[in-house]
1. Can you spot a residue in the range 146-157 that is within 16 Å of ASP45 (Cβ to Cβ) and not polar (S, T, N, Q)?
2. Select from the range 62-80 the residues that are at pLDDT 90 or above and crowded, with 18+ Cβ neighbours inside 10 Å and list them in ascending order.
3. Please work out which one of (1) more than 18 Å from GLY140 (Cα to Cα); (2) of a type in the set (Val, Ile, Thr); (3) free of Cβ contacts under 8 Å to residues at least 40 places away in the same chain is the condition ILE67 fails and give its number.
4. Quick one: ARG93 ticks every box in (1) buried (at least 23 other Cβ atoms within 10 Å of the Cβ); (2) at pLDDT below 95; (3) within 14 Å of the chain's Cα centre (by Cα); (4) not in a strand (DSSP E or B) bar one, so which box is it?
5. VAL133 - would you say it is closer than 16 Å to ALA179 by Cβ, assigned to a strand (DSSP E or B) and either in contact (Cβ under 8 Å) with a residue 40 or more places away in the chain or touching a strand residue (DSSP E or B) at 6+ places or on another chain (Cβ under 8 Å) (or both)?
6. Which of (1) more than 24 Å from ARG102 (Cβ to Cβ); (2) surrounded by 13 or more Cβ atoms within 10 Å (Cβ to Cβ); (3) of a type in the set (Ser, Thr, Tyr) is the odd one out, the single condition SER161 does not satisfy?
7. For the range 22-50, what are the residues that are among the small types (Gly, Ala, Ser) and modelled with pLDDT of 90 or more?
8. Look through the range 96-131, keep the residues that are hydroxyl-bearing (Ser, Thr, Tyr) and within 22 Å of ALA184 (Cβ to Cβ), and return whichever of them is modelled with the lowest pLDDT.
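The values are calculated or read from the model by the stated rules, or taken from the named source; none is laboratory data. Worth saying up front: this structure is predicted, and the values here are computed from it rather than measured. When we count neighbours, we look across all protein chains shown, and the Cβ atoms used for this are built from the backbone with ideal geometry, even at glycine.
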Amino acid sequence: MPIISSGRSAPLRNKAGEPRVEDNGGGAPIQEPKPALHVALYQPDIPQNTGNVARTCAATHTPLHLIEPLGFHLSDRYLKRAGLDYWPHVLLRVHASLEALRRELYSSRMVYFSAHASRRYYEFPFQPGDCLVFGSETKGLPQEVLDSETDRIVQIPIDRSRVRSLNLATSVGAALFEALRQLACYPEEPVFSCSPGLGDRSEVEECVPSLPPS
């Protein structure tokens, strides 16, 4: 599965056989084709969580966007282990800021997940091209987002008298599959797209290599 970038196609592995993130050379954002959905992690802290999210994204052909600063390096061994050998199938982008993500996914609607929301995620009508945005494990989403994007903030309901929050990877899985379930109701919109058609990228960075034999 190629990454489409600046009018050219590139394999998802680098010369060493490792997964890679592709730069578009500063060209204009690509408008088509587009994936069904995107997932974005805002300043994630725990590499194992991001690795598990990446596995889910690989399984659903969903591009994964990481917003810096990250709490780990993309070469982290725990990140590698959580993603296992699925990294070659992950469509990964790293962004310098939330605003950079918005600029690059200019045609996508941002849907934010927060424990502070009142609307439940399965009551929200997802649309093709939506980007599901999740806050960091320790700090959540920025307060300015919670204050300004109230119509697109949803929560995954749990009994918070017993558990403060769900694991990030669990939350992403629940949200992503609910959105895909809704989109499957529209046969004219394919759930999966083999050509991601992502927009501009803020920085070139190598993804993690596959695990060496133990």
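1. Here is the first cut: in the range 146-157, the residues within 16 Å of ASP45 (Cβ to Cβ) are none.
No - not one qualifying residue is present in the range 146-157.
2. The initial filter retains those residues of the range 62-80 that are at pLDDT 90 or above, namely 62-70.
Passing the criteria: THR62, PRO63, LEU64, HIS65, LEU66, ILE67, LEU70.
3. (1)
4. ARG93 satisfies every listed condition except (4).
5. Values: closer than 16 Å to ALA179 by Cβ: yes; assigned to a strand (DSSP E or B): yes; either in contact (Cβ under 8 Å) with a residue 40 or more places away in the chain or touching a strand residue (DSSP E or B) at 6+ places or on another chain (Cβ under 8 Å) (or both): yes.
Yes.
6. (2)
7. Of all residues in the range 22-50, those among the small types (Gly, Ala, Ser) come to 25-28, 36, 40.
Result: ALA40, single match.
8. To start, the set of residues in the range 96-131 that are hydroxyl-bearing (Ser, Thr, Tyr) comprises 97, 106-108, 112, 114, 118, 121-122.
Add one more test, that the residue is within 22 Å of ALA184 (Cβ to Cβ), and what stays is 107-108, 121-122.
Values: SER107: 91, SER108: 94, TYR121: 95, TYR122: 95.
Out of the qualifying residues, it is SER107.
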